[in-house]
Amino acid sequence: MKQKIKILAVLTAGMISSNSFALQQTLTGDFTTIQAVTIAQFNAGLSITGLNLPINSACTLTITDETAPTTYLGDQTMRLGTAGSPNAAGSAVTTTTGASCLTSTSGGLSGLYEITGAPGATVNITITDGSNADLTLVPSGCAGNYVAGSNGDSCDPVSQAAGIVPVRLAGPTDTGTLGEGTPISGTALIALGGVATAARQLDPSVTYTVDFQIDVTY
C-alpha cells in the first residue's frame with residue numbers, strides 16, 4: 001500500500017514538473033477587409049420628358065444590353081470589352097415613346113450610376129421602383145458585368161422584376177482588346193431608363209421628381 005502511494009506521489013510530482021516548463025505565448029495576426037462598396041450618380045441622372053397630363057399617362061425610355069444597337073449606350077460608354085455582340089459606339093438613347101407621351105427623339109436622358117468596390121469582387125444589385133402622389137417610375141436597364149482577362153464582358157439586365165443581379169466589378173488585369181470599352185479596375189456602371197406613369201391629373205409645364213432605389217452589396 002505504501003509502495004502504491006509512493007508511486008502515485010512520484011507520478012504527480014513528475015506531471016507538475018513537466019508543466020512547469022510549458023510556455024504560453026499570445027500571438028496576433030493582421031487581417032485587412034475589402035473596401036466598402038459604394039454607388040454614385042455618374043451623369044445628370046435619369047430624365048423623361050413629354051408626359052401627358054391625364055392620370056395613367058406613361059412615357060418610356062428604353063435601355064437594353066448590347067444586343068439591341070438603338071437602345072444600348074455602347075461598350076465605350078459602359079467601359080466594357082464584350083464578346084458575343086460587340087457594339088462600341090452604341091446609341092445616345094434619348095427617344096421617348098408611349099401612346100400617352102409626346103414622343104420625342106430628344107425627350108429622355110438615361111441615368112448612369114457608378115459602382116465602386118474591391119477590384120474583381122462580385123456585388124449584388126437590387127432595383128426598387130419609385131412612386132409618390134404624382135408619379136410612379138419603373139426603372140430598368142443593364143449593369144456592366146466583367147470576366148477576368150480580356151473581353152467577354154456583358155451588360156446584364158437590371159430592374160425590380162429581375163430581382164438580385166450579381167455582377168463582377170472590373171479587375172486590375174481586365175481589358176478590352178477589340179476597340180471597344182476600357183474597364184476601370186474596381187468599378188462597374190449601371191445604365192437606366194424606365195417607364196414614368198402619371199398617378200393623378202398632372203399640371204402643365206411642371207417638372208416632377210420621384211425617388212427610386214439602387215442597393216449594392218457584397
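Things to note:
- Looking only at residues in region 148-170 that are surrounded by fewer than 17 Cβ atoms within 10 Å (Cβ to Cβ) and of a type in the set (A, V, I, L, M), the one that is farthest from the chain's Cα centre (by Cα) is ALA148.
- For region 41-59, filtered to residues that are closer than 18 Å to GLY130 by Cβ and loosely packed, with under 13 Cβ neighbours inside 10 Å, the residue that is farthest from the chain's Cα centre (by Cα) is ILE55.
- Residues of region 121-139 satisfying the condition of being surrounded by fewer than 17 Cβ atoms within 10 Å (Cβ to Cβ) and hydroxyl-bearing (Ser, Thr, Tyr): THR122, THR126, THR128, SER131
- Residue within region 148-161 that is at pLDDT below 95 and of a type in the set (A, V, I, L, M) present: yes
- Taken over region 128-167, the criterion of being in contact with an Asp or Glu (Cβ under 8 Å, 6 or more places away or on another chain), closer than 27 Å to THR49 by Cβ and among the β-branched types (Val, Ile, Thr) is satisfied by THR128, THR136, VAL138.
- If you go through region 83-130 and keep only what is among the charged types (D, E, K, R) and closer than 28 Å to ALA148 by Cβ, you end up with just GLU114.
- Residue match in region 187-209 (condition: at pLDDT 95 or above, out of contact with any Asp or Glu (no Cβ under 7 Å at 6 or more places or on another chain) and of a type in the set (D, E, K, R)): yes
- Filtered residues of region 72-120 (kept if buried (at least 20 other Cβ atoms within 10 Å of the Cβ) and of a type in the set (Ser, Thr, Tyr)): TYR72, THR77, THR82, THR96, SER110, TYR113
- LEU27 vs. criteria at pLDDT below 90, farther than 24 Å from THR122 by Cβ and aliphatic (A, V, I, L, M): yes
- Cβ separations smaller than 8 Å between residues 6+ apart or across chains give the following pairs from region 62-73 residues that are aromatic (Phe, Trp, Tyr) to residues that are surrounded by fewer than 19 Cβ atoms within 10 Å (Cβ to Cβ): TYR72/SER91.
- Taken over region 35-91, the residue count meeting the criterion of being more than 19 Å from THR209 (Cα to Cα), modelled with pLDDT of 90 or more and hydrophobic (A, V, I, L, M, F, W, C) is 7.
- Evaluated against (1) surrounded by fewer than 17 Cβ atoms within 10 Å (Cβ to Cβ); (2) modelled with pLDDT of 95 or more; (3) among the hydroxyl-bearing types (Ser, Thr, Tyr), THR173 falls short on exactly one condition, (2).
- CYS142 meets the stated requirement of being closer than 21 Å to GLY186 by Cβ, in contact with a strand residue (DSSP E or B) (Cβ under 7 Å, 6 or more places away or on another chain) and crowded, with 22+ Cβ neighbours inside 10 Å.
The values are calculated or read from the model by the stated rules, or taken from the named source; none is laboratory data. Since this is a predicted model, take the numbers as computed values, not measurements. Glycine gets a Cβ as well: all are built from the backbone with ideal geometry, and neighbour counts include every protein chain shown.
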